[in-house]
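The structure appears below as structure tokens.
The values are calculated or read from the model by the stated rules, or taken from the named source; none is laboratory data. Since the structure is predicted, the reported quantities are computational estimates derived from the model, not experimental observations. Note that we place each Cβ from the backbone using ideal geometry, even for glycine, and neighbour counts take in every protein chain shown.
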Amino acid sequence: MPEQWYSLTGEEVVAVFQSDPHRGLDEREVRERAARFGPNELARATRVPLWRMFVEQFRDFMVLILLAATMISGFLGEFVDAATIMVIVIINAILGCVQEYRAERSMEALKELTAPEARVIREGMEQKIPAAGLVPGDLVLMEAGDRVPADLRLLQAVNLEIEESALTGESAPVKKKVEPIPGRVTPGDARNMAYLGTVVTRGRGKGIVVATGMATEMGRIAGLIQEAGSEETPLQRRLAQLGRGLVAFCLLVCALVVAVGIYRGEPAYQMFLAGVSLAVAVIPEGLPAIVTVTLAIGVQRMIRRRAIIRKLPAVETLGCATVICSDKTGTLTQNEMMVRRAVVGQVPLEFTGEGYDPKGQVITSLSPRAEELQLFFKIAALCNNAVLTRSGVSIGGLFRSLARRESPVWTINGDPTEGALLIMAAKAGFWREELERHEQRVMEFPFDSERKRMSVVYKQADGTLVAYVKGAPDVVLELCTHHYRHGRVVPLTPRQREEILRQNATMASDALRVLALAWCRLGPKPPGELTETEVERNLVFVGLAGMIDPPRPAAVTAVQRCRRAGIKVVMITGDHRLTAATVAKELGILGSQGRILTGRELDQLDDDQLKQMVGEVAVYARVSPRHKLRIVRALKQAGYVVAMTGDGINDAPAIKEADIGIAMGITGTDVTKEASSMVLADDNFATIVAAVEEGRGIYDNIRKFIRYLLSCNVGEVLVMFFAVLAGLPLPLLPIQILWMNLVTDGLPAMALGVDPPDTDIMYRPPRHPRESIFAHGLAWRILGSGLAIGLCTLLVFAGVHVLGHGHLDLARTMAFNTLVFSQLFFVFACRSEHHTIWEVGLFSNPHLLGAVLCSIFLQLAVTYVPYLQPVFHTVPLDAPQWLVIILISLAPPLFSTAFRHLQLRAREKIMYIKV
Ligand code: ATP
């Protein structure tokens, strides 16, 4: 096959690939080619194999020392001890490995969810597929904001511009064309090609896939996917630092225990092994892995609620969000538009019907033959790129008899605003395919949120060129010099202009999204030479179309939830001020105090003035994407933590600048998605609020298990430390220490990571982003609970040791069980910082219940199974002994909960006094 696709014509390339320029490939052919050419993917770097992950677990310094000490004890004849320690260390490593493996796989699954997609035409139907599924010969559609999904020879380029810096290093976008290029040129000069990985910055286009995967230009140069290393969250970074501090501290205490023990006359070798075991048990080496797993599981939970996290730090920031700036159309509203009212030549029109079903009536006093009415519908149908489909089949004029069949599912491919206009025209009997039999589109100036209008140029049967324009009424009216009435073009007087704007305002204040339709005849210039300004001037105003876009019911509740959670909601829209205001009131965003600011007013404010008032503004209307960046910056300067949504390519800078950039999964462009930290799979505002709730829950859970793990570890160290200080024998043997670490730190701590969020989590104000993980007295509570666990265990040990006349194994068994059970009970107290376990519900986290029961079972096994008793140096206990253990083990959680409640009550009183 030739490599110089640019030197062939489009038809020749299509012929080489045995494709069809309109229908594309059929599914059977696609399957065959997919088998022949493989997936359209660049090779990935190989991932870390499982065995390497397992070996890595033994790289920990203290674990190595423990292994060395165990080996020595093995040589000294303590085989059983050595073997058991080995087994425990290996089980620990397996647990660590499982945690890491799960964390990694869920991160990979995430990447797959955000894998690029492509719009293709196959068997005549437009569909969205994963870009990896493209095969040579596929027809691909692209528009501004898309990343080119394979190497393409362009067949259509409407103002198409592509930024190819990923390939050529040149950041200025290149204007594309479709004509063949003779000779030999470099990819940078192949203007009729689009290359994998480059970005469409303007216009739209269609191309045929000529190379996929490693056969593309990018595959040849880059070779591998540039995988962004998984980013650490600020919390993970802080915990890593904290971890180093804790390791030093633990080592110090353990060394002290060893030194004091030896000084007191304990055998040095046994003290050393106990010290090392203690260090292994209390050093929270599993903390970063549990944090990662919790984040990853939280991310999975978010996916179930339709929020896809692209950058892990967003999970944490979400919980701190103090303002959510949301687009209106499609996010707060349903984006299922329908034209309800229109005004043509000062005469009102009404439309009946539902959804995208083209059945409905036009109610008006105008005769259906009135020329202005005919022109109005014609503009609506022709200045339009949407495609109406009926149960997946595109419906043109030729097939519209199909539309009379029973209960079809009508959908729109393309922009819903245009879809609504297409349906409106269809209701009056105007179908684009039929109109295009008499005139041909020769040019298009696409819609974008900055221009707020779209124009097309058609060549009529007699050769004259006409422009059809639609867009925001204020924008289009400024380009109009005339209007069309009773079949005549008459100059537009200032009074008529005012009248049109008044009609626009009336419709807008009924929450309608209004578009103006205009038209004009163009001079004899060849179409290729016409510029945007030449086409869009001296326009003739024809009429206004007002469409409804009802608010999403879930958005109303979500806005209320935000208010209770101390989060401000701001609506940003390109729509008219009055449309925006009415919708914002319906949604509860605009109250009596909120302000509305328009793009024009925004332009008149300097950054300082904007910063001063940004806290009061609830709605930004008639804004362009470039305003969004200013809004984000002003909010950030005013101290807000900003979540901002966006879809178009021009939204990308604002999304990047926001603390949490949110892209739309359905309508969002690739570039916006890439700039974002979160993607909404359903484009729904309520999903953002659900993600915030999850974000808060995840942070809470991290705090919960940090509290649990560290309290337990403090308790473990203290019991050993106090015992040696008091001149008592060692309350726990190395094996017992290591075992305890396994049954208390492993499963229960992980189960805390999946604890359901507190019911009042969305009734609290947002957390400050720089707040320490130990804020609100957590550090003191950890020390307090640790002290309680340590002292309770010591009490049991010392009591039994003294009263039991030196029956050391019994004292140890009871201390061992008290320590384990007090931790297993304490885990329930860690489930909420604001509520008791009864309020939270003992059974509301089945994972935790299962984990604790499992640990209790294992603990009873080492106490009672005859084979295990000599290994763990335990003796069986009777009922009164258990009663003592259970009662004393309940003390730390009860003490911790009671203390917290007194604290909260005192705080409430203080607040009450302050009020
Ligand atoms: P957002 O998606 O940010 O909520 P929006 O949908 O409210 O934005 P835009 O899509 O930027 O706003 O549209 C701004 C204005 O441009 C609309 O009020 C409408 O008058 C006009 N408009 C919208 N879509 C089109 C289109 N396809 N062709 C021409 N004009 C359009």
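Descriptive notes on the structure:
- Subset of the stretch 332-360 [within 16 Å of the ligand (Cβ to nearest atom) and either out of contact with any strand residue (DSSP E or B) (no Cβ under 9 Å at 6 or more places or on another chain) or modelled with pLDDT under 90 (or both)]: N335, E336, Y356
- For the residues A691, A686, A726, A749, the requirement of being surrounded by fewer than 22 Cβ atoms within 10 Å (Cβ to Cβ) and not aromatic (F, W, Y) singles out A726.
- Any hit, the stretch 547-557, residues being within 12 Å of the ligand (Cβ to nearest atom), farther than 17 Å from A618 by Cβ and either at pLDDT 95 or above or not polar (S, T, N, Q) (or both): yes
- Some residue of the stretch 377-388 being among the hydrophobic types (A, V, I, L, M, F, W, C), modelled with pLDDT under 90 and surrounded by fewer than 16 Cβ atoms within 10 Å (Cβ to Cβ): no
- When M762, M750, M740, M814 are screened for being outside the structural domain of L858 (by TED's automatic domain parsing) and part of a helix (DSSP H, G or I), only M762 passes.
- Residue check, A658 of a type outside the set (D, E, K, R), within 16 Å of the ligand (Cβ to nearest atom) and over 30 Å from R264 (Cβ atoms): yes
- Some residue of the stretch 841-854 being touching a Ser or Thr at 6+ places or on another chain (Cβ under 7 Å) and in a helix (DSSP H, G or I): no
- The set of residues from the stretch 839-857 being surrounded by 13 or more Cβ atoms within 10 Å (Cβ to Cβ), in contact with a Leu (Cβ under 9 Å, 6 or more places away or on another chain) and not β-branched (V, I, T) comprises N845, H847, L848, L849, G850, A851, C854, S855.
- Some residue of the stretch 560-574 being within 16 Å of the ligand (Cβ to nearest atom) and in the same structural domain as M443 (by TED's automatic domain parsing): no
- Test: residue in the stretch 698-711 that is farther than 23 Å from A93 by Cβ, assigned to a helix (DSSP H, G or I) and within 16 Å of the ligand (Cβ to nearest atom): no
- Unique residue being within 26 Å of S677 (Cα to Cα) and of a type in the set (V, I, T) when the list is T198, T186, T216: T198
- Residues in the stretch 858-878 that are in a helix (DSSP H, G or I) and surrounded by 12 or more Cβ atoms within 10 Å (Cβ to Cβ): L858, Q859, L860, A861, V862, T863, Y864, L868, Q869, V871, F872.
- If you go through the stretch 768-819 and pick out every residue that is among the β-branched types (V, I, T) and farther than 30 Å from H834 by Cα, you end up with 4.
- Residue check, A663 modelled with pLDDT under 95 and of a type in the set (G, A, S): yes
- Residue satisfying condition, being away from the ligand (no atom under 16 Å from the Cβ) and in a strand (DSSP E or B), within set I290, I308: I308
Residues checked against (1) buried (at least 19 other Cβ atoms within 10 Å of the Cβ); (2) more than 11 Å from the ligand (Cβ to nearest atom); (3) farther than 25 Å from E143 by Cβ:
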position: K452; (1), (2), (3): yes, no, no
position: P491; (1), (2), (3): no, yes, yes
position: Q503; (1), (2), (3): yes, yes, yes
position: A508; (1), (2), (3): yes, no, yes
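- Of all the listed residues (M720, M664), the sole one being under 20 Å from V569 (Cβ atoms) and touching a residue at least 24 places away in the same chain (Cβ under 8 Å) is M664.
- In the stretch 640-650, the residues that are within 12 Å of the ligand (Cβ to nearest atom) and either in a loop (DSSP other than H, G, I, E, B) or closer than 23 Å to I303 by Cβ (or both): M644, T645, G646, D647, G648
- Test for T329: is it more than 21 Å from G566 (Cα to Cα), among the hydroxyl-bearing types (S, T, Y) and either within 14 Å of the ligand (Cβ to nearest atom) or surrounded by 19 or more Cβ atoms within 10 Å (Cβ to Cβ) (or both): yes
- Of the listed requirements (1) more than 16 Å from the ligand (Cβ to nearest atom); (2) touching a residue at least 60 places away in the same chain (Cβ under 8 Å); (3) surrounded by fewer than 20 Cβ atoms within 10 Å (Cβ to Cβ), Y484 misses just one: (3).
- Only a single item in (1) more than 13 Å from the ligand (Cβ to nearest atom); (2) under 13 Å from A380 (Cα atoms); (3) within 38 Å of the chain's Cα centre (by Cα) is not met by E532, and it is number (2).
- Counting only strands (runs of 3 or more DSSP E) that sit completely within the stretch 120-237, those holding 1 or more residues that are on the phi > 0 side of the Ramachandran plot correspond to 151-163, 199-211.
- The set of residues from the stretch 620-638 being touching a residue at least 60 places away in the same chain (Cβ under 8 Å) and more than 16 Å from the ligand (Cβ to nearest atom) comprises just one member, L635.
Quick grid of which residues meet (1) out of contact with any Gly (no Cβ under 8 Å at 6 or more places or on another chain); (2) within 22 Å of F828 (Cα to Cα):
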{"residue": "A654", "(1), (2)": "no, no"}
{"residue": "I660", "(1), (2)": "yes, no"}
{"residue": "A681", "(1), (2)": "no, no"}
{"residue": "T687", "(1), (2)": "yes, no"}
{"residue": "I698", "(1), (2)": "no, yes"}
{"residue": "L710", "(1), (2)": "no, yes"}
{"residue": "V719", "(1), (2)": "no, yes"}
{"residue": "L728", "(1), (2)": "yes, no"}
{"residue": "D760", "(1), (2)": "yes, yes"}
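- Consider the stretch 598-619 and keep the residues that are charged (D, E, K, R) and either under 23 Å from L578 (Cβ atoms) or outside the structural domain of L578 (by TED's automatic domain parsing) (or both). The one that is farthest from the ligand (Cβ to nearest atom) is E616.
- For first residues located in the stretch 436-449 and within 22 Å of P524 (Cβ to Cβ), partners that are assigned to a strand (DSSP E or B) and within 10 Å of the ligand (Cβ to nearest atom) and lie 6+ apart or on another chain with Cβ distances below 7 Å form the pairs F445/M454; F445/S455.
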